Amino acid sequence: MMKREDCIYVAGHRGMVGSAIVRKLQAEGFSNIVKRTSSELDLRDQAAVNAFFEEQSIDYVFLAAAKVGGILANNTYRAEFLYDNLMIAANVIHAAHTAKVKKLLFLGSSCIYPKLAEQPLHESSLLTGSLEPTNEPYAIAKIAGIKLCETYRQQYGSNFISAMPTNLYGPNDNYDLKTSHVLPALIRKFHEAKINNSPSVTLWGTGKPMREFLHVDDMADACYFLMNNYNGLEHVNVGTGVDITIRGLADIIAEVVEYSGTIEHDLSKPDGTPRKLMDVSNLASLGWSSSIELRDGITQVYADIKDSF
Ligand code: GFB
């Protein structure tokens, strides 16, 4: 168990996941939290990362720093998504090992699983087939991170674990329409269509792919739970166990935003993976499950963000 006085490094503390983990730790009474912005510490720079770990006496690491984005960003900035995420994972995991931290939690993504893997996605599906092409670079970097945690545990006994979240949303999300994920993009599109009295909103792709959405506060809660309760070799899925079509998501967002126009489709944009529903039975058997319903989470997020567009 982490103790209140332990020194905890949250890598990526300004991102959606990292900031949720900081909120969770503070709510639990932790105050010795080390944070560095990317301009203070470039996690792609191995020498800088090593020096940082040598200077600090870090007990626990939540590795939530990553270059992230939606389907178009992943597919456009393919080299950056591979290089940045590989370097961040390799540098932080190796430095945490050298500095003998007590434990590290690495965060991945459901896109690590093969495009056509059996649903729901069980942890054992990893590396059983080809990846979804639009996010293969990101997935390869995240698989490398999982394997770093596994191999440092196997060879050195380092207590490094990995959690694989499904698609996340919540405070501090990215609302840039070119680089964001679908949920924040649709909140913005429906909000702006309502304000501008636009007759329709355009979704990318067919609207038929299915996705699972987890509120980032639930994700932070799961990370805290795993840090205190899990010391296994295998990565652990984190999700709700429930998915919905993109069109179904759009319908909920339209209702929450109170937009009554029509929905159109831009078929020049990719659908990506047809479905990626997490099998969350391993996490459930450890004793954790999500608590924020999708409609409630969207309502809360929209109330927080609508005046800042
Ligand atoms: O959330 P999203 O960008 O990423 O897209 P992925 C999910 C689905 O929503 C795709 C559709 O089928 C999109 O075509 N979609 C509809 C939209 N309208 C929009 C829109 O306005 N914006 C966006 N962004 N999508 C990412 C991966 O995959 O998920 C990452 O690329 C990572 O690597 C992340 O795994 C969680 O779910 O397809």
**Message:** Largest first and in whole Å, what are the equivalent-ellipsoid semi-axes of the stretch 240-309 based on the Cα gyration tensor, each being the root of 5 times an eigenvalue?
**Reply:** 27, 20, 10
**Asked** Roughly how many Å² of Asp221 are accessible to a 1.4 Å probe, to the nearest 10?
**Response** 50 Å²
**Item:** Evaluated at q = 0.10, 0.11, 0.15 Å⁻¹: base-10 log I(q)/I(0), Debye formula over Cα of the chain
**Value:** -0.54, -0.65, -1.21
**Item:** Furthest towards positive pole of dipole, Gly108, Ile33, Asn85, structure part the stretch 2-117, Cβ charges
**Value:** Gly108
**Complete:** Sorting Ile305, Ser291, Thr245 by the position of each Cα along the dipole of the stretch 168-309 (Lys, Arg +1; Asp, Glu -1; all at Cβ), the one nearest the positive end of that ordering is Thr245
**Item:** Accessible area in square angstrom per residue, the stretch 99-142, 1.4 angstrom probe
**Value:** 40 Å²
**Prompt:** What FRET efficiency comes out for the pair Asp266/Ser308, r = Cβ-Cβ distance, R0 = 25 Å, nearest 0.05?
**Reply:** 0.45
**Request:** With a 1.4 Å probe and every protein chain left in place, tell me how much accessible area Glu40 has, in Å² to the nearest 10.
**Result:** 120 Å²
**Prompt:** Given H placed 1.01 Å from N in the peptide plane, which residues other than close sequence neighbours of Thr202 have an amide H under 5 Å from its amide H?
**Reply:** Glu264
**Item:** Rounded Å value of the spacing that divides the Cα centres of the stretch 6-74 and the stretch 191-222
**Value:** 27 Å
**Prompt:** Near the amide H of Arg275, under 5 Å away, which other amide H atoms are found, from residues 5 or more places off or on another chain, if H is placed in the peptide plane?
**Reply:** Met210
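About its Cα centre, what dipole magnitude does the stretch 128-190 give when the only charges are +1 on Lys and Arg Cβ and -1 on Asp and Glu Cβ, stated in debye to the nearest 20? List each step's numbers first, then the result.
Details: 6 positive and 5 negative charges, 16 e Å.
Roughly 80 debye for the stretch 128-190.
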**Fill in**
Probe 1.4 Å, all chains present, heavy atoms only: His235 accessible area in Å², nearest 10, is 10 Å²
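Please arrange Val242, Val10 by accessible surface area, largest first, computed with a 1.4 Å probe and ligands excluded. Numbers along the way, then the final one.
On the way: Val242 100, Val10 0 Å².
So, going from the largest accessible area down, we get Val242, Val10.
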**Message:** Taking a ≥ b ≥ c as the square roots of the Cα gyration tensor eigenvalues, with a/c under 1.5 meaning rounded and otherwise prolate when a/b beats b/c, else oblate, which class fits the stretch 269-309?
**Reply:** oblate
**Prompt:** Which value, in debye to the nearest 20, gives the size of the charge dipole of the chain about its Cα centre, when Lys and Arg are +1 and Asp and Glu are -1 at the Cβ?
**Reply:** 340 debye
**Request:** For Leu131, enumerate residues with amide H under 5 Å from its amide H, sequence gap 5+ or separate chain, H modeled in the peptide plane.
**Result:** Lys115
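The values are calculated or read from the model by the stated rules, or taken from the named source; none is laboratory data. Small disclaimer: the values here were computed from a predicted structure and weren't measured. Neighbour counts are summed over all protein chains in view; Cβ atoms, including those assigned to glycine, are modelled from backbone coordinates with ideal geometry. The area values use the complete protein model at the heavy-atom level, side chains included, leaving out ligands, DNA and RNA. Shrake-Rupley method; radii C 1.70, N 1.55, O 1.52, S 1.80 Å.
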